[in-house]
Amino acid sequence: MASEPLGEQPPVREPTHKWGIGAFLLVEGVLLLSAAFIGALLQPSTSDQRISVVTIVVGSILPVLIATGVALLITRLRGNGPRIDLRWSYSRQDFKVGLKFGLIGLVATTLAAMVWTKIVGKDNATSAFSALVDSRSLPVAAAVVMFLYAWLIGPVCEEIIFRGLLWGALERLQWGRWAVFGLSTAVFAVSHLEPLRTSLLIVIGIPIGLARLFTGRLGASVVAHQVNNFLPALTVLLISLGVMAP
């Protein structure tokens, strides 16, 4: 009976998960339905009443947190948990690669945003998130919460959903890695439901997706996304505090 050569080990295969595209569609449905429900629940009773600070903060953050929680629960119930299924990690290498792609993305996004603003006009260049605070100031606590969400928490949630759950679902279909990168980037852009900004969101998503592609791990894309979001989040903070004009 022949024995294996010393020093050689059989390849270790990652355990597969049982969830696929249906899981991603479920999470997207939860996101949209929870946003609609919370928005209807917190909507002002009269048309001339201003949207409250609670509505702005809770309506912006809670639906995404709920959807992310459902995504993580799916990996627990139908897979091997987020660390294995979503390739979650946060190593020094992930940070370095994410920082590099994030800075590249920040430059590319800034340039693309300048061109895009000239094309569509300044009045149409505001994101849905920024539009919430453009016409009013927020209390310091609320402004800081929105800043931390846009800079740090939001990117983690979006990466879990798009470069984690969707990416893993497409890989399960045995798509090529570049096809997975391309489709996940496009879905990321379209899922923001801002048709006018879709082309700009694709530019934003490309370096973030490349960080995921080249490392094979979610931590790098999270860092890239956070780096890319820092200046926009800071702008929203300054506007909401009344320090900067909309």
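Working from Cα pairs under 8 Å separated by at least six residues, relative contact order for the stretch 127-246 is 43 percent.
Run the numbers for S52 and L173: contour at 0.36 nm per residue of separation, minus the present Cα-Cα distance, in nm.
In short, 39.1 nm is gained.
Summing charges over neighbours of R217, with a neighbour being any other residue whose Cβ is under 9 Å away from its Cβ, gives +1 when K and R count +1 and D and E count -1.
Protein-only accessible surface at a 1.4 angstrom probe places the residues F95, F162 in the order F95, F162, largest first. For the pair L65 and Y90, label points projected 7 Å from Cα toward Cβ lie 1.7 nm apart.
Keeping every protein chain in place, order R92, R87, R76 by accessible area at 1.4 Å, biggest value first, i.e. largest first.
Working: R92 200, R87 75, R76 165 Å².
Per-residue accessible area, sorted high to low, gives R92, R76, R87.
Can you grab the distance from the C-alpha centre of the stretch 60-82 to the C-alpha centre of the stretch 200-246, Å, no decimals? Using only Cα atoms, the two centres lie 21 Å from each other.
The values are calculated or read from the model by the stated rules, or taken from the named source; none is laboratory data. Here the structure is a predicted model, which means the values were calculated and not measured. All Cβ positions, glycine included, derive from the backbone under ideal geometry; neighbour counts span all protein chains shown. Only protein heavy atoms, including side chains, enter the accessible area calculation; ligands, DNA and RNA are left aside. Shrake-Rupley method; radii C 1.70, N 1.55, O 1.52, S 1.80 Å.
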